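The values are calculated or read from the model by the stated rules, or taken from the named source; none is laboratory data. Note that the structure is a prediction, hence the values are computed from the model and not measured. In this analysis, Cβ positions are derived from the backbone assuming ideal geometry, glycine residues included, and neighbour counts consider all displayed protein chains.
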Amino acid sequence: MSEKEDPKLVKFHLRHRLEELYHGLFDELANTKLKERDISNLAQLLLLSKQEGLKPFINHDEESEYLDLYPDDQV
């Protein structure tokens with residue numbers, strides 16, 4: 001009988017992967033040849049998307065457990 005994965009750990013992993021994706025998107029945006037104003041506007045949209053998109057993954061009671069696994073991420 002195989003051992004089942006912990007749904008919370010899978011959720012944490014998915015959230016971490018999204019965090020990595022957003023970091024990559026911010027890097028891509030920073031490396032464009034857009035005007036600074038346009039980069040700023042797009043960065044604000046991306047930041048709002050990140051904040052709202054990641055919010056449901058970790059509740060307040062899970063923050064320390066998540067950060068133990070992924071200390072470089074922000075919650």
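Points to keep in mind about this one:
- Residue list for the stretch 49-73, filter: free of Cβ contacts under 8 Å to residues at least 12 places away in the same chain and exposed (fewer than 12 other Cβ atoms within 10 Å of the Cβ): Gln51, Glu52, Lys55, Pro56, Asn59, His60, Asp61, Ser64, Asp68, Pro71, Asp72
- Residues being loosely packed, with under 12 Cβ neighbours inside 10 Å, over 30 Å from Glu65 (Cβ atoms) and either touching a strand residue (DSSP E or B) at 6+ places or on another chain (Cβ under 7 Å) or among the aliphatic types (A, V, I, L, M) (or both) - total across the stretch 10-43: 1
- Of all the residues in the stretch 18-67, those that are part of a helix (DSSP H, G or I), of a type in the set (Lys, Arg) and over 16 Å from the mean Cα position of the chain (by Cα) number 1.
- Filter pass, Leu46 being modelled with pLDDT of 95 or more and either at positive phi or exposed (fewer than 15 other Cβ atoms within 10 Å of the Cβ) (or both): no
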